[in-house]
Amino acid sequence: MDFLLQNWMLVLVALVSGGMLLWPAIGGGAGGAKVSVSEAVQLINREKAVLIDVCEPAEFAAGHPVGARSVPLGSLESSKALPANKALPVVVVCQTGARASRAAATLRKLGYENAKVLAGGLAAWREANLPIEKQNGKQNDKPSEKQKSA
């Protein structure tokens, strides 16, 4: 007991650092569960997950994962593009993952308990060389050799 009283500062630092390490596991963060690109593809292929892009319309038109539905973050609560079956997994994507975290939290409040965030967003999707399409319907599966060298 004397040790604890004499070294209260060390005990406090140990407790705070331990709490900070456990916080992500306990709280799940603001956005909740994040999935990697490969986990997202598995959810889409095996469990019929719906891919929701919460970018603004101009960003969506510039490039989005193939098959993604455009539901801008601001219109998420009133959107008709969300799946009717709230039990389906929903993978939320944006450019970097920041907006997707807020969108996933909103979706959970709307009853979509399986809402997940694509970790790294569209940047991670591109890095994994997965197909991207633009609003005009062009598909850009993989960078060409000219694009790689540029």
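The values are calculated or read from the model by the stated rules, or taken from the named source; none is laboratory data. What you are looking at is a predicted structure, and each value in this text was computed from that prediction instead of being measured. All Cβ positions, even for glycine, are placed from backbone atoms using ideal geometry, and neighbour counts span all protein chains on display.
Considering Leu76, Leu118, Leu43, Leu110, which residue is farther than 30 Å from Leu4 by Cβ and touching a Pro at 6+ places or on another chain (Cβ under 7 Å)?
Leu43
If I filter the stretch 17-67 down to residues being hydroxyl-bearing (Ser, Thr, Tyr) and modelled with pLDDT of 90 or more, which single residue comes out as nearest to the chain's Cα centre (by Cα)?
Among them, the one singled out is Ser36.
Filter the stretch 57-99 down to residues that are of a type in the set (A, V, I, L, M) and in contact (Cβ under 8 Å) with a residue 40 or more places away in the chain and give me whichever is farthest from Gly120 (Cα to Cα).
Looking only at the stretch 57-99, we keep the residues that are of a type in the set (A, V, I, L, M), and these are 58, 61-62, 66, 68, 71, 73, 76, 81-82, 84, 87-88, 90-93, 98.
Imposing the further condition that a residue be in contact (Cβ under 8 Å) with a residue 40 or more places away in the chain reduces the set to 61-62, 66, 88, 90-93.
Numbers: Ala61: 19, Ala62: 18, Val66: 17, Leu88: 22, Val90: 16, Val91: 12, Val92: 11, Val93: 9 Å.
Top of the filtered list is Leu88.
Closer than 20 Å to Gln135 by Cβ and either touching a Lys or Arg at 6+ places or on another chain (Cβ under 7 Å) or part of a helix (DSSP H, G or I) (or both): which single residue out of Gly67, Gly74, Gly18 fits that description? Don't jump to the end; show me each part of the working.
Values: Gly67 fails: either touching a Lys or Arg at 6+ places or on another chain (Cβ under 7 Å) or part of a helix (DSSP H, G or I) (or both); Gly18 fails: closer than 20 Å to Gln135 by Cβ.
Being closer than 20 Å to Gln135 by Cβ and either touching a Lys or Arg at 6+ places or on another chain (Cβ under 7 Å) or part of a helix (DSSP H, G or I) (or both) holds for just one of Gly67, Gly74, Gly18, which is Gly74.
Is it the case that some residue within the stretch 89-98 is of a type in the set (A, V, I, L, M) and assigned to a loop (DSSP other than H, G, I, E, B)?
no
More than 8 Å from the chain's Cα centre (by Cα), at pLDDT 90 or above and surrounded by fewer than 18 Cβ atoms within 10 Å (Cβ to Cβ): is that true of Leu110 in this structure?
On the way: more than 8 Å from the chain's Cα centre (by Cα): yes; at pLDDT 90 or above: yes; surrounded by fewer than 18 Cβ atoms within 10 Å (Cβ to Cβ): yes.
When the stated conditions are applied, Leu110 passes them.
Please specify each residue of the stretch 110-133 satisfying the condition of being touching a helix residue (DSSP H, G or I) at 6+ places or on another chain (Cβ under 9 Å), part of a loop (DSSP other than H, G, I, E, B) and on the phi > 0 side of the Ramachandran plot.
Of everything in the stretch 110-133, just one residue is touching a helix residue (DSSP H, G or I) at 6+ places or on another chain (Cβ under 9 Å), part of a loop (DSSP other than H, G, I, E, B) and on the phi > 0 side of the Ramachandran plot, namely Gly120.
Restricting attention to the stretch 72-89, and to residues there that are among the hydrophobic types (A, V, I, L, M, F, W, C) and surrounded by 15 or more Cβ atoms within 10 Å (Cβ to Cβ), which single residue is farthest from Leu107 (Cα to Cα)?
Here the answer is Leu88.
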